[in-house]
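What follows is one structure encoded as structure tokens, with my remarks underneath.
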Amino acid sequence: MEELQDQKERVLSYNLGSSELESLGYNRILLQVCGRAGHGKSSFINSLRYAVHGGRFEATASEASATESQGGNTRRRTSYPLTEVITLVDNRGFGKADNYEKEEIYTQLGNLQPLDEEVVWESCFDKRMKAITAAKLNSKDLLLPIFVYSVQCTMADESKEEIKEFLKNAQKLTGFLPIIILTKRYLGDVTTVKQQFKGLGMEQVFPVENYTSEDHIKTPKKDKTFLSILNKILDHVNFLGKEASSFGTQEEQHLKRVQMLLEIAHKNEKEKEKENLKAELDKKPVEKKEKFSCKIL
Ligand SMILES: Nc1nc2c(ncn2[C@@H]2O[C@H](COP(=O)(O)OP(=O)(O)OP(=O)(O)O)[C@@H](O)[C@H]2O)c(=O)[nH]1
Ligand SMILES: [Mg+2]
């Protein structure tokens with residue numbers, strides 16, 4: 001029990017003051033929660049808040065809102081402060097995850113979309129380019145990616161490649177190896193899924209059973225799971241704090257992200273052009289070839 005209290009206090013009193021990260025201009029840790037629609041992102045955020053603050057359970061980050069998880073055109077990133085220094089961000093879940101949608105998720109992850117505002121991600125290439133280049137460095141956030149995945153799904157080979165690419169890009173964008181949260185731990189094969197993520201090079205993989213509206217009876221074991229995850233995250237931040245000079249200032253990180261996003265958007269546009277061209281060619285009736293005829297003069 002004392003251990004639980006210590007872990008809680010460390011989270012509540014943590015600040016970047018003692019770290020070199022502050023001298024590089026960072027003053028807030030943004031835990032960027034992302035993952036497929038319905039895998040438990042909002043519930044994970046609610047669970048962390050409940051474990052740290054207690055009180056009455058509130059599903060503040062709304063659980064599975066049907067309209068949002070269906071991939072509408074308006075996206076919203078909602079922030080939930082956990083402490084003065086740590087803020088949780090509920091990024092919109094991605095469903096079909098085509099190139100275009102992934103690009104949008106990367107702009108959320110790279111903090112190039114504003115928090116707590118409705119944002120429409122343009123389908124027009126020029127407008128997207130403008131949005132990326134115009135994104136201001138308007139925060140002093142240290143971005144840390146958290147990938148939420150339900151063990152109800154084991155990874156098939158093709159989704160493994162897709163997730164691997166996503167995690168690699170998330171690491172490049174933020175400078176942090178993503179932290180993997182395996183939700184619904186009693187509803188699937190947690191050992192296999194954990195092994196799959198380890199096989200993708202992920203070092204921190206945590207199975208959890210979230211507190212939800214249906215089941216939020218507090219237990220020491222559950223609280224311990226969520227508080228330990230937060231403490232491991234702070235260890236990771238401290239580690240990077242010691243390596244701060246190699247991590248770079250927020251301006252450098254921001255420029256790197258803009259550059260990376262422009263490259264991704266450009267690559268996607270080229271792929272789209274190729275697909276359009278192929279579709280055009282497929283539509284054209286194939287010209288019948290004249291039968292070879294040989295006239296004997
Ligand atoms: N048993 C169990 N159910 C969970 C767990 N986490 C989430 N759920 C349930 O799964 C459903 C989806 O959870 P959400 O937290 O809304 O998922 P989400 O990723 O935020 O979904 P979107 O916002 O639509 O992308 C809800 O009905 C939750 O109650 C868990 O760890 N265990
Ligand atoms: Mg949600």
Expected 222 nm ellipticity per residue - DSSP helices of 4 or more, -39500 (n - 2.57), all of the chain, to 500: -15500 deg cm²/dmol
Sequence-distant residues sharing a close amide H with Phe206 (under 5 Å, placed H): Ile180, Ile181, Leu182
Helix 157-174 vs. the chain, principal-axis angle (Cα, 0 to 90°, nearest 10): 60 degrees
Given Lys127/Lys172; Lys198/Lys221; Lys102/Lys270, the pairs whose alpha carbons are separated by over 21 Å: Lys127/Lys172; Lys198/Lys221
Cα-based helix-to-principal-axis angle, 99-109 vs the chain, degrees rounded to 10: 30 degrees
Using alpha-carbon coordinates, inclination of helix 41-53 to the longest axis of the chain, degrees: 10 degrees
Neighbour-limited loop hits for trypsin sites (Lys or Arg not before Pro), region 1-64 (at most 16 other Cβ within 10 Å; DSSP other than H, G, I, E, B): Arg56
Distance between region 204-256 and region 103-156 - C-alpha centres, whole angstrom: 19 Å
FRET efficiency, His53 to Thr133 (Cβ-Cβ, R0 35 Å, nearest 0.05): 0.35
Computed E for Glu280/Ser123 - FRET, C-beta separation, R0 25 angstrom, nearest 0.05: 0.85
Chymotrypsin sites (Phe, Trp or Tyr not before Pro) within region 183-259: DSSP coil, no more than 11 neighbouring Cβ in 10 Å: Tyr186
Rounded to 5, the percent of DSSP beta bridges in the chain classed as antiparallel: 25 percent
Listed residues Ala135, Gly199, Cys124: farthest to the positive end of the dipole of region 23-224 (Cβ charges): Gly199
Shape category assigned to region 7-50 from the gyration tensor of Cα positions, a/c cut at 1.5: oblate
With at most 14 other Cβ atoms within 10 Å, longest stretch of the chain clear of loop GluC sites (Glu not before Pro) (DSSP): 123-202
Residue list for region 204-221, given a label point 7 angstrom along the Cα-to-Cβ vector of Gln5 and an amide N cut-off under 20 Å: 218-221
Volume in Å³ per residue [convex hull over Cα atoms, computed for region 23-224]: 130 Å³
Per DSSP, loop trypsin sites (Lys or Arg not before Pro) in region 105-191 with at most 11 further Cβ within 10 Å: Lys136
Calculated FRET value between Asn15 and Glu203, using beta carbons and R₀ = 30 Å, to 0.05: 0.75
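No value in this document is a laboratory result; all are computed from the given coordinates. This structure is a prediction, so every number in the text was calculated from the model and none was measured. Positions of Cβ are backbone-derived with ideal geometry, glycine not excepted, and every protein chain shown enters the neighbour counts.
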